[in-house]
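For reference, the structure discussed in these notes is given below.
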Amino acid sequence: MWRLTASGPTARVTSMPVTAADAKDPAAKLRGSAVPWRRMLLHPAVWAIVINNYTFHYAFYVVMNWLPLTLSRYSVAI
C-alpha cells in the first residue's frame with residue numbers, strides 16, 4: 001500500500017497539524033484549539049495504522065487459538 005503513495009526516494013512527506021496552533025493560526029492560542037478530528041481520521045497514515053493494527057491482531061488471535069489444537073494433533077508437549 002505504501003508504494004501507491006510514495007513516488008520514490010524523494011517522496012514528499014506531509015505532516016498533519018494536530019492543533020490549530022500547528023496550522024499557523026496566531027489567534028488560536030488565545031481562543032483555544034480544537035482537534036481536527038475529520039482531518040485526522042481521513043489522513044492516510046491513520047488508516048495505515050488502523051489496517052495494520054487489525055491485521056496484526058487478527059493473525060495473533062488465529063495463531064493463539066489454533067496453536068494448542070495444532071500442537072495437540074501432532075502430539076507435541078506444551
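The values are calculated or read from the model by the stated rules, or taken from the named source; none is laboratory data. Just so it is clear, the model here is predicted, and its values are computed rather than measured. Cβ placement follows ideal geometry from the backbone for every residue including glycine, while neighbour counts extend to all protein chains displayed.
What to note about this one:
- Taking region 51-78 as the range and being modelled with pLDDT of 95 or more, among the aliphatic types (A, V, I, L, M) and surrounded by 11 or more Cβ atoms within 10 Å (Cβ to Cβ) as the test, only I51 passes.
- V35 fulfils the conditions (1) assigned to a helix (DSSP H, G or I); (2) modelled with pLDDT of 85 or more except for a single criterion, (1).
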